[in-house]
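Before any comments, here is the structure.
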Amino acid sequence: MRYTQAPERRGELLRRIGESGYVSSTEAAAALGVSEMTIRRDLRQLAAQGLVNRVAGGASGAPPATGAPFEQRSDAAAGEKAAVARAAVALVPPGSVVALDAGTTVAALAGLLPGGLTVVTHSVPVITTCVGRDDVELIALGGAYHASTRSFTGPITRAGLDDLAVDVAVLSATAAGPDGVYSANASDAETKRAMARIAGRVVLLLDHGKIGARAPMRFLDLGAVDVVVTDAGAGEEQVALLRSRCREVVVA
């Protein structure tokens with residue numbers, strides 16, 4: 001079988017790594033009917049999402065529930081993330097209370113937000129962006145610092161959300177598919193779930209490389225998402241998948 005669609009191909013690579021702990025770029029290219037360069041590109045994307053470790057000649061399984069460093073994830077699909085962030089600005093109502101998670105696409109959105117908002121976040125990059133502005137109210141959530149996501153996390157963070165209500169939660173994900181929305185990190189997944197629970201509306205920012213992929217920690221049903229924003233690189237099948245399960249899909 002020839003795997004021409006990136007999400008299906010990357011899902012198959014993850015399945016093979018899950019079974020054997022390692023995949024060879026050369027062998028995977030032959031088995032999946034694509035070039036070795038395509039496989040290397042897939043493995044780079046999966047490594048940037050924290051799902052695999054790049055090793056000589058291929059990739060191995062990533063350490064459980066850690067994820068790639070924030071800066072590495074920021075560089076992956078940077079153009080797509082910027083487009084998604086720009087499109088998402090219009091989904092934040094003027095004067096609203098908005099919860100922003102610790103994703104790199106969400107961090108890009110933070111720098112584009114208009115004044116007059118109240119921002120609730122556990123993300124250090126988002127906090128850093130907001131403290132430099134006089135026209136935004138900031139509610140910064142504390143907790144245990146998690147270096148790879150550059151965010152605060154854990155029971156203290158979630159307790160800080162318990163007494164809050166927000167108009168919109170803007171969330172990111174490592175992957176999303178028919179079975180749900182996923183994160184690479186267990187504690188981060190719990191924080192995303194808590195943000196969705198206190199929100200009147202949930203907006204999911206998702207570059208096309210994550211649609212149809214898988215990650216370790218499921219935190220939400222796609223049906224619980226009000227709006228998904230993805231980029232123009234999303235294929236027809238990917239967009240159809242989102243539209244079959246979400247209330248609204250915006251293609252940036």
Which whole number in µm²/s is D for region 6-61 by Stokes-Einstein, with the Kirkwood Rh taken over Cα pairs at 10 °C and 1.306 mPa s? 150 µm²/s
State the extension gain, in nm to one decimal, for the chain segment bounded by Ala186 and Ser244, taking 0.36 nm per residue of separation less the distance between their alpha-carbons. 18.2 nm
Using θ = phi - 60° and the Karplus relation 6.51 cos²θ - 1.76 cosθ + 1.60, list the HN-Hα couplings for region 156-167 in order, rounded to whole Hz, with x at every Gly or Pro. 5, 4, 5, 5, x, 7, 4, 9, 10, 9, 10, 6
Could you check the spin-label model distance between Ala159 and Ser35? Points 7 Å from the Cα along Cα→Cβ, value in nm. 5.5 nm
On a full-extension model of 0.36 nm per residue, what is the gain between Thr128 and Ala78, subtracting their alpha-carbon distance, rounded to one decimal in nm? 16.0 nm
I need to check one value: relative contact order of region 71-251, counting alpha carbon pairs closer than 8 Å and at least 6 residues apart, in percent. 20 percent
Please list 3J(HN,Hα) in residue order for region 19-30, calculated via the Karplus relation 6.51 cos²θ - 1.76 cosθ + 1.60 where θ = phi - 60°; whole Hz, with x for glycine and proline. 6, 10, x, 7, 9, 8, 4, 5, 5, 5, 4, 5
Mind giving me the FRET efficiency for Thr4 and Leu112? R0 is 35 Å, r the Cβ-Cβ distance, nearest 0.05 is fine. 0.50
Of all DSSP beta bridges located in region 71-251, what percent are antiparallel, nearest 5? 30 percent
So what is the 222 nm mean residue ellipticity for the chain from helices alone, if each DSSP H run of at least 4 adds -39500 (n - 2.57) and you divide by all residues, rounding to the nearest 500 deg cm²/dmol? -11500 deg cm²/dmol
Over 26 Å apart: what share of the alpha carbon pairs of region 71-251 falls there, rounded to a whole percent? 21 percent
Quick check: the angle from helix 78-88's long axis to the longest principal axis of the chain, C-alpha only, nearest 10 degrees? 40 degrees
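Quick note: the coordinates plus some simple rules give every number you see, no bench work behind them. The structure presented is a predicted model; accordingly, all values stated were derived computationally and were not measured. Note: ideal-geometry Cβ built from the backbone for every residue, glycine included; neighbour counts use all protein chains shown.
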